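One structure is given below, encoded as structure tokens.
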Amino acid sequence: MIFVYIVRCRFTEPSREQAWNAWYSGPKIEQMLAQPHFRTCQRFRRVTGSGRDYLTVWTVENPQALATRQYRAQWGFAEWTPHITDWSRDLFEGGAASETALAVARDGALAVVAFDQMSEQDAAAARDKVAQSDPDMMWLPIVGLDRHTPLIGLRPLAAGAAAGTARDHGDRRIQQAVYRPITRHYSAVQVPLETHDR
């Protein structure tokens, strides 16, 4: 079993956004993947739909990854914190999925569906609506941290694939978006990072 740790946020200072992305896509990933129980990471930026602008998908071996002394000493956005808004940290159960199940090719994308602030029952009903138009979505239940959404839907998309995210399901709380990769999919054994990912 794997666990999927997802961080979503917005960045509010355009003049510093490039430098923040260089830090997050370089030193921050290296720092996190060197910690106990952290396995993989890939960063994304929203290109269509609703939701937060940035999304980072980590896989961890178990929930204890987020309770270690090393993680607690280094989590967060450091000097960038004043420019971060709408920040969420949620831990989801990935079930029997492999660490690479959510890897997205550089020319691909990630379809994401979230149900922020919905009850578990409302989110389950909303998931059923979305699943009618996107039956291949992988649904992950929340198991820890901020618990912004009771579950999240993720589906890697090949280059040029139709995401089905433009449908109106009649509920503004359903956040559907397509995210493009900022970095390639990294595993803990692949750091240090490639220069072009910094």
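The values are calculated or read from the model by the stated rules, or taken from the named source; none is laboratory data. Given the structure is predicted, the values throughout are model-derived calculations rather than measurements. Note that we place each Cβ from the backbone using ideal geometry, even for glycine, and neighbour counts take in every protein chain shown. Calculation scope for accessible area: heavy atoms of the full protein, side chains included, ligands and nucleic acids excluded. Shrake-Rupley method; radii C 1.70, N 1.55, O 1.52, S 1.80 Å.
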Matching residues in the stretch 165-180 - criterion: being at pLDDT below 55 and surrounded by 18 or more Cβ atoms within 10 Å (Cβ to Cβ) = Thr165
Being open to solvent by less than 30 Å² (accessible area, probe 1.4 Å) and in contact with a Phe, Trp or Tyr (Cβ under 7 Å, 6 or more places away or on another chain) is the filter; apply it to the stretch 181-198 and report the residue that is modelled with the highest pLDDT.
-> Pro181
By residue number, the members of the stretch 1-26 that are in contact with a Leu (Cβ under 7 Å, 6 or more places away or on another chain) and open to solvent by 20 Å² or more (accessible area, probe 1.4 Å) are Phe3
Only one of (1) among the β-branched types (Val, Ile, Thr); (2) in contact (Cβ under 8 Å) with a residue 60 or more places away in the chain; (3) not in a helix (DSSP H, G or I) is not met by Ile29, so which one is it?
-> (3)
Check Thr56, Thr81 and return the single one that is assigned to a strand (DSSP E or B) and modelled with pLDDT of 90 or more.
-> Thr56
In the stretch 44-53, which residues are touching an Asp or Glu at 6+ places or on another chain (Cβ under 9 Å), buried (at least 18 other Cβ atoms within 10 Å of the Cβ) and not in a loop (DSSP other than H, G, I, E, B)?
-> Arg46
